[in-house]
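K.L.:
A single structure is presented below for examination.
Read the figures in this text as sums done on the coordinates, not as results from a lab. None of these values were measured; they are calculated from a predicted model. So basically every Cβ, Gly included, is an ideal-geometry build from the backbone, and we count neighbours across all protein chains shown.
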Amino acid sequence: MKRVFFNIGELATATGSAAVCGCAQSSVRKLHRAWLLEEDGTILAAGEGAAPDADEAIDCKNKLVTAGLVDCHTHLVFGGWREHELAMKLQGRTYLEILAAGGGILSTVRETRKASEDALYEKTRALMAEMLRHGTTALEIKSGYGLDLETERKQLRVVQRLKTENPDIAATFLGAHAFPEGMDHEAYVDLLCREMIPEIAKDGVAQFCDVFCDDGVFTAEQSERILNAGKRCGMIPKMHADEIKEIGGTQAAARVGAISCDHLSETGRAGMEALRDGGVIAVMLPATSFYLKKPYGDFRGMIDAGVPVAVATDMNPGSTPNLSLPFAMTAACLYGRLTPEEVLCGATLNGAAAIGMADRLGTLEAGKQADLVVWDADNLDQLIYRYGTNRAAAIFKRGARKI
Ligand code: NIG
Ligand code: FE
């Protein structure tokens, strides 16, 4: 069946099937008074002027249409919430102080261990539906709130179950998210490399392996060991780095050939060059900086250095309980000093590239999947500018209306 989306006020899309950077990142294509034709979930063509005939015609009411947003960094499967940390934050306790006191990630670990798989599934499913309502049609989900094989497996099984609802979910094993309470650090790194990673790989439930490489968590050397163990088992490396302090994470990410390195709010010139030379995508998470009241990172510098930049939410119960990618996009523009075009590219094509989906997602071009959002905004600038309310008006996945 052919479907035509007509009367599109502005069709804004990145172009291509690989992460792009710099000038290329701003070479977003904009069509006006436009249309888009799809057949059985695949885009056939897009253009300006009179729309072609089709079996079904959808009036976009002169609004903005973009590709479905791709949120390439979330921690969506977790037990409980952490609103009780708000008071501690207001007293000036830092993220790491709360973690060191047995709160933070470790309190979510306790809740996640306790929760049944079904309860986690229902909760994550509802969160994913909320993300879809905000325009996110593809996403990545990490484990990392188990820190033991059984619970990490439970989280990743939830992700697998969600894939029956939306096949465009990437699963990431983040057993190296923190050290289990009372356990020797080196012993846990050994356990990850020798047992947990091979077992998770055998289950076939995670394509990516991630590690929280930062001050007080995993060292660059430990991170490299863990990601190499993942690689030997067929998992593609990813990394959380330079969120708190630069401890060599970017260089380690480049050495192991990570597909992306995320957070990077403290990264300086040498780190940027390491990412560029290693072909690593930088994932910016400005909603986390907002909520932790921390620096946003030099993402303008990142683009100027030649590193492709993606934008994601980092949705999790501690450092940023926000699942709106449009909110992160506005923050990336204002505080990361990216142009609206670079931000759109970061939340679509480059996000898709950071989870290995850029061959089929991230742009509105012939051959790509017809995942698109009609926004209650006249143009891209207006979408970024009218932050704080949900502007997603209609959402289509493989051509079919979801919202
Ligand atoms: O990406 N930085 C490490 N991990 C998460 C936070 C997880 C949590 O606080 O529960 C993040 O921000
Ligand atoms: Fe994260």
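K.L.:
State which stretch of the chain is the longest one without any exposed GluC sites (Glu not before Pro), exposure meaning a DSSP loop state and at most 11 other Cβ atoms within 10 Å. Can you show the working numbers first?
P.N.:
Details: sites that count: 83, 165, 181.
Answer from the scan: 182-403.
K.L.:
OK, next. May I ask you to derive the relative contact order of the chain, considering only C-alpha pairs under 8 Å and at least 6 residues apart, and to give it as an integer percent? List each step's numbers first, then the result.
P.N.:
Numbers: 995 pairs, mean separation 88.7, N = 403.
Answer for the chain is 22 percent.
K.L.:
Counting pairs of alpha carbon atoms under 8 Å apart in space and at least six apart in sequence, what relative contact order in percent does segment 224-313 give?
P.N.:
Details: 168 pairs, mean separation 21.7, N = 90.
24 percent.
K.L.:
When only alpha-carbon atoms count, how far does the chain stretch along each of its three principal axes, as whole angstroms with the largest first?
P.N.:
67, 45, 44
K.L.:
According to a simple spin-label model (label point 7 Å from Cα along Cα-to-Cβ), what is the distance in nm between residue 221 and residue 195?
P.N.:
2.4 nm
K.L.:
Something else now. Starting from the coordinates of the alpha-carbon atoms of segment 246-403, obtain the Kirkwood hydrodynamic radius over all distinct pairs and give the value in Å to one decimal. Before the final figure, lay out the partial values.
P.N.:
Numbers: mean 1/r = 0.0620 Å⁻¹.
That comes to 16.1 Å for segment 246-403.
K.L.:
Now for a separate question. Nearest 500 deg cm²/dmol is fine: what mean residue ellipticity at 222 nm does the chain get from its DSSP H runs of n ≥ 4 alone, each adding -39,500 (n - 2.57), divided by its residue count?
P.N.:
Details: 17 runs with 146 residues, N = 403.
So the helix-based figure for the chain works out to -10000 deg cm²/dmol.
K.L.:
Got a sec? How would 90, 285, 44 order by Cβ neighbour count within 10 Å, fewest to most?
P.N.:
Values: 90 8, 285 28, 44 17.
Ranking 90, 285, 44 by Cβ neighbours within 10 Å, fewest first, gives 90, 44, 285.
K.L.:
Right, something else. For segment 84-188, what value does the Rg/Rh ratio take when both radii are computed over Cα atoms and Rh is the Kirkwood radius, given to two decimals?
P.N.:
Working: Rg = 15.3 Å, Rh = 15.1 Å.
Rounded to two decimals, Rg/Rh equals 1.01.
K.L.:
Can you put 375, 81 in order, fewest other beta carbons within 10 Å first?
P.N.:
Numbers: 375 27, 81 14.
Ranking 375, 81 by Cβ neighbours within 10 Å, fewest first, gives 81, 375.
K.L.:
Got a sec? Charge dipole of segment 70-353, +1 on Cβ for Lys and Arg, -1 for Asp and Glu; which of 334, 212, 305 is way out at the positive end?
P.N.:
It is 334.
K.L.:
Now for a separate question. Nothing charged except the Cβ atoms of Lys and Arg (+1) and of Asp and Glu (-1): what's the magnitude of the dipole of segment 197-343 about its Cα centre? Round to the nearest 20 debye.
P.N.:
Values: 13 positive and 19 negative charges, 24 e Å.
The dipole of segment 197-343 has a size of about 120 debye.
K.L.:
Say each of residue 61 and residue 118 gets a label point 7 Å from the Cα, pointing the same way as Cα to Cβ; how far apart are those two points in nm?
P.N.:
That separation, rounded to one decimal, is 4.0 nm.
K.L.:
Can you pull out the trypsin sites (Lys or Arg not before Pro) in segment 196-285 that DSSP calls coil and that have at most 14 other Cβ atoms within 10 Å? Don't skip to the end; give the middle numbers.
P.N.:
Numbers: sites: 202, 225, 231, 232, 238, 245, 255, 269, 276; in loops: 245.
Here the trypsin sites (Lys or Arg not before Pro) that fit, given the DSSP loop and packing criteria, are 245.
K.L.:
Against the 2.2 N^0.38 Å scaling, with N counting residues, where does segment 148-188 land? I'd like the Cα-based Rg ratio to two decimal places. Walk me through the numbers before you get to the answer.
P.N.:
Working: Rg = 13.2 Å, N = 41, 2.2 N^0.38 = 9.0 Å.
Expressed relative to 2.2 N^0.38 Å, the Cα Rg reads 1.46.
K.L.:
May I pose another question? Only four residue types carry charge here, +1 at the Cβ of Lys and Arg and -1 at the Cβ of Asp and Glu. Report the dipole size of the chain about the Cα centre in Debye, rounded to the nearest 20. If you can, show how the numbers build up before the last one.
P.N.:
On the way: 44 positive and 54 negative charges, 114 e Å.
Dipole size: approximately 540 debye.
K.L.:
Still on this structure, I have one more. Roughly speaking, what is the stretch gain from residue 86 to residue 163, that is 0.36 nm per residue apart minus the C-alpha to C-alpha distance, in nm to one decimal? Walk me through the numbers before you get to the answer.
P.N.:
On the way: separation 77, 0.36 × 77 = 27.72 nm, distance 3.30 nm.
Result for the pair: 24.4 nm of gain on full extension.
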